Amino acid sequence: MNPVIRVLLAMAMVLVISTSAAEDDSVIGTWRTEASEKGYLHVAIEKCDEALCGKILAAYNLQDEVNADYEHVGKNMVWDMKSTGAASWAKGKIWDPSKDKTYKSKMSLNGDTLSVSGCVLIVCRGQDWTRVK
């Protein structure tokens, strides 16, 4: 193979890898779920091997008070999210602690809003999570 072509291919691979890493970095942080009748959660999205995962950091009631007795703090809520392009991830799983059910999941980032959805067959539910600053 021509040395110039090798260099160009290597540069293209570095660009693809660095773009994917930058996209993953943009979603890393703490996110507030939408509130239910009981309250809301803070979920930390972070890198886990070659994918993204999200761990429950804290639970809050509707008066914005920490629920120190929440039994699921520290558990993974999101895992195996793989980049599918600019600010989107899929092929992962999301766990609904209120129903103790796990769903196929995907998510997309638009500024400080992370749209997260979970599906069973053709039925999907979603939430817009807000970045915690």
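Couple of notes before you dig in:
- Residues (more than 13 Å from the chain's Cα centre (by Cα) and without any contact (Cβ under 8 Å) to a residue 24 or more places away in the chain) located in segment 86-112: 96, 99, 100, 101, 102, 103, 111
- Residue pairs whose Cβ atoms lie under 6 Å apart, sitting 6 or more positions apart in sequence or on different chains, and linking a residue in segment 53-64 that is of a type in the set (Val, Ile, Thr) to a partner that is surrounded by 13 or more Cβ atoms within 10 Å (Cβ to Cβ) and modelled with pLDDT of 95 or more, are 56/41; 56/43; 56/72; 56/73; 56/77.
- Filter result for residue 81 (without any contact (Cβ under 8 Å) to a residue 40 or more places away in the chain, in contact with a Leu (Cβ under 9 Å, 6 or more places away or on another chain) and more than 15 Å from residue 36 (Cα to Cα)): yes
The values are calculated or read from the model by the stated rules, or taken from the named source; none is laboratory data. All of these numbers come straight from a predicted model, not from anything done at the bench. Heads up, the Cβs are rebuilt from the backbone with ideal geometry, glycines too, and the neighbour counts pull from every protein chain shown.
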